Amino acid sequence: MKGWQKVFETDQSYHAEIVKDVLEDNNITPVLINKRDSSLNNFGQYEVHVASEDVLRALQIIKNDINFK
């Protein structure tokens, strides 16, 4: 995906969905990419990508506004 960069990666689909929703709430357009193995579904990652110009802002939002602990 030219012009897009990964800002978040997880093995939990709901974590990726939360990040996607929070970024959308902050007027950033994210793309969720499922890289899980479709036959076994026990390895692989979910990735959230944003446009290059939104990377710094997205990373700041993820760092400051989202806590999965």
* Search segment 11-27 for residues being in contact with a Leu (Cβ under 8 Å, 6 or more places away or on another chain) and not aliphatic (A, V, I, L, M), and hand back the single one that is least open to solvent (accessible area, probe 1.4 Å). => K20
* Might you let me know whether segment 53-60 holds any residue that is part of a helix (DSSP H, G or I), free of Cβ contacts under 8 Å to residues at least 60 places away in the same chain and among the small types (G, A, S)? => yes
* Mind listing whichever residues of segment 36-69 are in contact with a helix residue (DSSP H, G or I) (Cβ under 9 Å, 6 or more places away or on another chain) and closer than 15 Å to Y14 by Cα? => R36, Q45, Y46, E47, V48, I62, I66, F68
* **Members of segment 1-35 found to be assigned to a loop (DSSP other than H, G, I, E, B), more than 16 Å from I66 (Cα to Cα) and touching a helix residue (DSSP H, G or I) at 6+ places or on another chain (Cβ under 8 Å), listed by number** => G3, T29
* To do: Check Y14, Y46 and return the single one that is aromatic (F, W, Y) and in contact (Cβ under 8 Å) with a residue 12 or more places away in the chain.
  => Y46
* Asked: Out of all the residues in segment 28-44, is one or more among the charged types (D, E, K, R), modelled with pLDDT under 95 and open to solvent by less than 80 Å² (accessible area, probe 1.4 Å)?
  -> yes
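The values are calculated or read from the model by the stated rules, or taken from the named source; none is laboratory data. Since the structure is predicted, the reported quantities are computational estimates derived from the model, not experimental observations. So basically every Cβ, Gly included, is an ideal-geometry build from the backbone, and we count neighbours across all protein chains shown. Heads up: the accessible areas ignore ligands, DNA and RNA and are worked out on the full protein's heavy atoms, side chains in. Shrake-Rupley method; radii C 1.70, N 1.55, O 1.52, S 1.80 Å.
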